[in-house]
Every structure is written in C-alpha cells, then in structure tokens.
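The values are calculated or read from the model by the stated rules, or taken from the named source; none is laboratory data. All of these numbers come straight from a predicted model, not from anything done at the bench. Every residue, glycine among them, receives a Cβ derived from its backbone with ideal geometry; neighbour counts consider all protein chains shown. Each accessible area value is taken on the protein alone, full model and side chains, heavy atoms only, with ligands, DNA and RNA left out. Shrake-Rupley method; radii C 1.70, N 1.55, O 1.52, S 1.80 Å.
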Amino acid sequence: MKMPRRLKLLGRGVGWLLLFALVMVGVGYLLAPHFYLTRVVFWGESDFKDLEKFPARTIHNGPSVSHFERLPADNPYASQIEAIGNRSTNGDLVNYLESSGTTAFLVIHNDEVLYERYFDGYDETSLQTSFSMAKSFASALVGIAIDEGQIKSVNEPITNYIPELLENDARFESITVRHLLTMSSGIKYEEGGDLPWSDEADDTKTYYSTDLRELALNCRIEGEPGEYFEYNNYNPLLVGMILERATGMPVSRYLQEKLWKPIGMEADGSWSLDSSVSGFEKMESGVNARARDFARFGMLFAQEGNWEDEQLISQGWIGESTRADTSTDPSQDYQYFWWVNTPHGENHHFSARGKYGQYIYVAPEKDLVIVRLGKEEGERGYGYWIDLFDELATKLDMSAKEPR
C-alpha cells in the first residue's frame, strides 16, 4: 500500500527539520568559543578542563629554574602527614584524596618536598588551572606595581586609571584600589540568574564574556565602598585593567617578568583570556601552572617575598595583604584577594582558594606550603580541607629529620 502523499511530505519535512537542527547544533558547537551565549549553552557549568577551551597567553619561564628536593617517599614527614590525615578522615587519607577528585596534593617545607601525590592520570608535569587562586596572583602584582611606583597606593581612586567609569556614575571616584582588593567596592553583583542575559547572571557573565574589559566598564554601584564584604568578580577585572594601564603591558607578561622568571618556575604557565580578539586575562580564574609552581608562589609568601636573597615583593606588602584586620577592611577572613585564618594563637596562616577545591595554603611560621588541586571539592566540602591544612601546619613535627 502506498503512503499517502501528505504523509510523505510530512516525513520529508520532519527529516529536513531534524537535519537543520543537527546542522545548527554543529554550527553552534563550532562557534561556542567565539560568543558569550554559545559558550553558556554549549560549555555549561565551569569545569576543571576549561583551560583547554579558552585561548591563553603563555607565561614563559626563564633559563634558570629553582629546584625542590623531593625526599624519599618513606621519609619521616610522610608518615606524620598520613597519620594526621588518617585521623582527619577517620580512615585513610590517600583513599579520600583519590575519591574526592584530588589531582595533586603537595606538602613543601622550604625547598624540600615532604609529600607529593598525584591522581587520576595527573603527574608533576600536568598543567592545572587555578580558578579563583588567580586573584591572589593579581594581588601580588598590585603589590609589586606599588613597590615600583607604578601604582601610588591602595588608597588611590580607581578612576585615576579608569576615568571612563565616571561617565556611568560619579560615585566610582570614591572606590579605591583597596576596596577592590578587599571585595568591599559596593559594586552590584548577583550570582544567580537562570537566563544568561539577566541582571542576576554576573557569575556567568564574568566567566564567559568574550570582552571582560567592556563588561567591567559597565558594572554598577549599589552600596557605599568599604562598608561590607561581597565576593564579586568585577573587582579583579578592574584590578586587571589598572595593572595593564599602570605597567603598560598585559597582566600575564607582568607576571612573567616580575615573578615567573625571577622565582625560577620549572615550566611555562599560561593565563586564560576572555577571547583571542579582546586578549584580556581572565583575572577572576585563569592562571594555569604545574602544582609545584603553584607551590613556589606560595613559598614566596611564606618567605616574606624574598626568593634566594632577592626581595621580589616587599615585606610590607606581604604583611598588609594577608593580615587579619578589620580596622580598615570589613572582613577579618579576607584581605587583598587572600583568605586569612588564624587557627591557633599567634600563628598566621592564609590561602589562595579556587572553585572545586584548589588551594595554596601558607603557614609562614614553619615555611610550609600545602597545595591541593582537584576536579571537585569532595563530599566533605571546603571546610574539611582548611581543617586538614591547619592540622598539618600546626602538628607536623619539623624536627623529624636533622637539617641537611
């Protein structure tokens, strides 16, 4: 029996519609890197592999590489670390590291690697992303720019560097560099929003926009600067623009010349960009490096900005940017893009933190740095990691081995 002509036409129409839909999906997928909305649709939620999606600017290392000495796996500190970790997990630290999506876990004292484990196919050569740990790198660069006189001080109005903000709102003149660094600028920020173009989708916009400079220039004020803490990704974007204009070079180039090469990072890193056209660093999230090089950055702060007898960042800036002080800033737990916690008495610990449980934890009184990188934060959540780091930093007996 022949199929009625109407059904044939309907079938062909459906077929053409399906083909058209498939073509549009394919085109959208190919265009995803180039447009904000296609990124939102096809890339979805942020991911630990996003460093492979965004364009990036290479941060070259120098000819001279600093070296960490890796102690034998059965060194006296390793058993301490695992014993402390076993108590914190009520079981097995190594199993939890693996099951929690950890990709790298390092404990470093001075120039010695006390403990180093990698998981899920990652190793010491793997390039891994920072997420919001990038903000702490930006903070360090502001300190260097102030040390060099390219930025006058943290009390300088941001409109000295970005005067076009005044065209939108004269109140921007009251916002200082300090207000950006302490997340107390009063700039409006909404994390939610189901629609990527809504006023409540600032998290999505500041992550996926293909022109982050333009986005930052159109931010709005909703409160008085300095009065309250609100985690806000417009703040690091504006800091990046200030660094560009103050130093006359891309932020990643400034990082390369002032820290990456002088520290002797063991490998090239990179900083993800908003797009190849705009070429602006993703200031809120995009530093990519090996785990050991993240640890080197932390050790620079543990040693008060001094690296092999060269003062790369002033001691004053190290102290000011990581202190726990509400006399000038609204949050005791957050200073200049660093999280601050003082677990026991006078011990002064601080950390760079990023989404999915990225950490550079610094305990200066022991010259100790802990790095944890991962695909997810793990079922115990963020609080577990800070508690574990506190335990390791305070209970690890550094006299377990005689000095070399």
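Data overview
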| item | result |
| --- | --- |
| Candidate set from region 41-62 (those that are more than 17 Å from the chain's Cα centre (by Cα) and under 17 Å from residue 291 (Cα atoms)); member that is least open to solvent (accessible area, probe 1.4 Å) | 61 |
| Residue that is farthest from residue 145 (Cα to Cα), among those in region 308-340 that are touching an Asp or Glu at 6+ places or on another chain (Cβ under 9 Å) and of a type in the set (S, T, N, Q) | 332 |
| Residue pairs meeting the criteria (Cβ under 7 Å; at least 6 apart or on separate chains; first assigned to a strand (DSSP E or B), in region 304-321; second open to solvent by less than 10 Å² (accessible area, probe 1.4 Å)) | 307/263; 307/300; 311/305 |
| Unmet requirement for residue 204, which otherwise passes all of (1) open to solvent by less than 30 Å² (accessible area, probe 1.4 Å); (2) under 24 Å from residue 358 (Cβ atoms) | (1) |
| Residues (closer than 13 Å to residue 59 by Cα, of a type in the set (A, V, I, L, M) and in a helix (DSSP H, G or I)) located in region 256-297 | 259, 263 |
| Single condition residue 326 does not satisfy, out of (1) more than 22 Å from residue 395 (Cα to Cα); (2) at pLDDT 95 or above | (2) |
| Which numbered condition residue 162 fails, given (1) in contact with a helix residue (DSSP H, G or I) (Cβ under 7 Å, 6 or more places away or on another chain); (2) farther than 25 Å from residue 322 by Cβ; (3) surrounded by 14 or more Cβ atoms within 10 Å (Cβ to Cβ); (4) free of Cβ contacts under 8 Å to residues at least 60 places away in the same chain | (4) |
| Verdict on residue 90 being of a type outside the set (Gly, Ala, Ser) and more than 27 Å from residue 303 (Cβ to Cβ) | yes |
| Where a residue in region 242-259 is free of Cβ contacts under 8 Å to residues at least 60 places away in the same chain and on the phi > 0 side of the Ramachandran plot and its partner, wherever it lies, is outside any helix (DSSP H, G or I) and open to solvent by 20 Å² or more (accessible area, probe 1.4 Å), with Cβ under 9 Å and at least six apart | 248/150 |
| Which listed residue is loosely packed, with under 15 Cβ neighbours inside 10 Å, at pLDDT 95 or above and under 22 Å from the mean Cα position of the chain (by Cα), from 244, 224, 214 | 214 |
| Boolean, residue 270 is open to solvent by less than 40 Å² (accessible area, probe 1.4 Å) and of a type in the set (Gly, Ala, Ser) | yes |
| Among the candidates 65, 107, residue that is buried (at least 20 other Cβ atoms within 10 Å of the Cβ), touching a residue at least 40 places away in the same chain (Cβ under 8 Å), within 26 Å of residue 271 (Cα to Cα) and not aromatic (Phe, Trp, Tyr) | 107 |
